[in-house]
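A.B. asks: The structure is given below, and queries will be raised subsequently.
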Amino acid sequence: MTSSAPAGPPARGRFSTTVLDGGREPDPRFTLANERTFLAWIRTSLALIAGGIAVEAFTGSVFDPVTRTVLGSVLLGLAALLAVTAGFRWIQVERAMRHGRPLPLPLLVPLLATGGAVAAVVLLVFLLLRQA
């Protein structure tokens with residue numbers, strides 16, 4: 001007669017266990033929703049990268065070099081910050097769900113709003129000075 005292990009979810013590897021910090025497996029729908037949110041932040045980051053590249057590559061006749069560099073740098077810096085922060089946010093939300101804690105407030109939202117506002121102000125100042 002052979003004994004079999006009790007049925008249950010398969011064990012996670014050491015890396016996953018360390019990153020996720022234990023807890024109970026959440027409903028897969030919540031984990032997948034968290035992943036979709038992460039991917040939306042990554043898509044936003046990729047759009048900001050494309051915008052930064054476009055500003056540098058295609059606006060030479062529109063913006064002076066300093067404005068172009070500042071605007072492109074703001075967009076690319078924001079894209080990098082957003083991508084890194086999205087990864088950490090995914091982990092924080094996953095851990096909170098596993099331990100039944102409230103979800104953390106997203107640091108991404110004020111960062112994205114501030115970066116977008118800075119880019120808009122740079123464009124606005126440029127347009128106002130150009131017309132004067």
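The values are calculated or read from the model by the stated rules, or taken from the named source; none is laboratory data. Small disclaimer: the values here were computed from a predicted structure and weren't measured. Don't worry about glycine lacking a Cβ; one is built from the backbone with ideal geometry, like all the others, and counts go over all protein chains shown.
A.B. asks: Need pairs with beta-carbon distance below 6 Å; first residue hydroxyl-bearing (Ser, Thr, Tyr) and within segment 50-75, second surrounded by 11 or more Cβ atoms within 10 Å (Cβ to Cβ) and at pLDDT 85 or above; sequence gap 6+ or separate chains.
C.D. replies: Listed pairs, sorted by first residue: 59/68.
A.B. asks: What's the total number of residues in segment 92-116 that are hydrophobic (A, V, I, L, M, F, W, C), at pLDDT 90 or above and under 21 Å from residue 44 (Cα atoms)?
C.D. replies: Final tally of qualifying residues: 1.
A.B. asks: Filter segment 58-84 down to the residues that are in contact with a Gly (Cβ under 9 Å, 6 or more places away or on another chain) and surrounded by fewer than 16 Cβ atoms within 10 Å (Cβ to Cβ), then identify the one that is nearest to residue 99 (Cα to Cα).
C.D. replies: The extreme case among them is 77.
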